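Written out below as structure tokens is the structure these notes cover.
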Ligand SMILES: Nc1ncnc2c1ncn2[C@@H]1O[C@H](COP(=O)(O)OP(=O)(O)OP(=O)(O)O)[C@@H](O)[C@H]1O
Ligand SMILES: [Mg+2]
């Protein structure tokens, strides 16, 4: 089963959790590959840090272009970054790369861009991209003030798009969030999906360490019955 990893916002730990998921799946003997369909913010060689991290976490060889069909130079909203360089993000091109990756690995972990409904072009957004991939969604909740609202809105948006929330991860972004455990308990009560783990704050974040804090068995237990 492959997954689409979204987050409550930009900078909440999607890349780290995606890599951690890949390590956890790989440790069960599965071949994995990461995908970042659209990356906004590249160096002068047109390389993006998220793509490099996902690529390093993979166990099969895939080209940079398959992992990241769209590399946009400016670290701004993708449809605007694309417009600045005179292109339009085309979902069918992304879907082609996704299918190629699917044929190469047991699991494809697709990291979204920013939050769940970030525009990709004048008509479509990342929610529509996830719909086209038909993937269950994993939500990374960056634990900070405002995350309850963001998490619950995102869960509503996932349900409204017809996709399934397969699980969520509480990622602790600061060492001193007030009422942290009460916030996590609130989400456990209100989100209709298993919490795959609480990722503790790490001074030097390491996706291998994070993998130990994820219970991916809960994903397998949370597969709906075949109709
Ligand atoms: N558990 C954690 N402990 C400490 N720092 C963390 C933790 N999780 C994430 N971070 C830090 O937060 C920042 C954002 O993490 P990351 O790049 O994984 O987020 P993202 O959601 O993928 O961001 P983007 O929207 O840019 O793709 C990074 O500097 C990362 O090192
Ligand atoms: Mg990222």
_Which order do the peptides 12-24, 118-130 come out in when sorted by mean C-beta neighbours inside 10 angstrom, highest first?_
12-24, 118-130
*Grab the Cα-Cα distance for residue 56 and residue 192, subtract it from 0.36 nm times how many residues apart they are, and report the gain in nm with one decimal.*
45.7 nm
*Theoretical gain in end-to-end length, residue 64 to residue 218 [0.36 nm per residue, Cα-Cα removed]*: 52.3 nm
*asked:* Could you tell me how far the Cα centroid of the stretch 1-52 sits from the Cα centroid of the stretch 155-172, in Å?
replied: 17 Å
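Once every DSSP H run of n ≥ 4 in the chain is given -39500 (n - 2.57) and the sum is divided by its residues, what mean residue ellipticity at 222 nm do you get, rounded to the nearest 500 deg cm²/dmol? Mind dumping the intermediate values first?
Working: 10 runs with 90 residues, N = 227.
Estimated from H runs of four or more residues: -11000 deg cm²/dmol.
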*residue 121 to residue 30: FRET efficiency via 1/(1 + (r/R0)^6), r the Cβ-Cβ distance, R0 25 Å, to the nearest 0.05?*
0.15
*When the chain is fully extended, how far beyond the present Cα-Cα distance does residue 93 get from residue 152, taking 0.36 nm per residue of separation?*
18.1 nm
_Spin-label pair residue 179/residue 1, simplified geometry with 7 Å Cα→Cβ offset, distance in nm_ = 3.3 nm
*Under the Kirkwood approximation for Rh and a Cα-based Rg, what ratio Rg/Rh is obtained for the stretch 3-221?*
0.94
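Coordinate-derived values only; no laboratory data. Please read these numbers as outputs of a predicted model, since none were measured by experiment. All Cβ positions, even for glycine, are placed from backbone atoms using ideal geometry, and neighbour counts span all protein chains on display.
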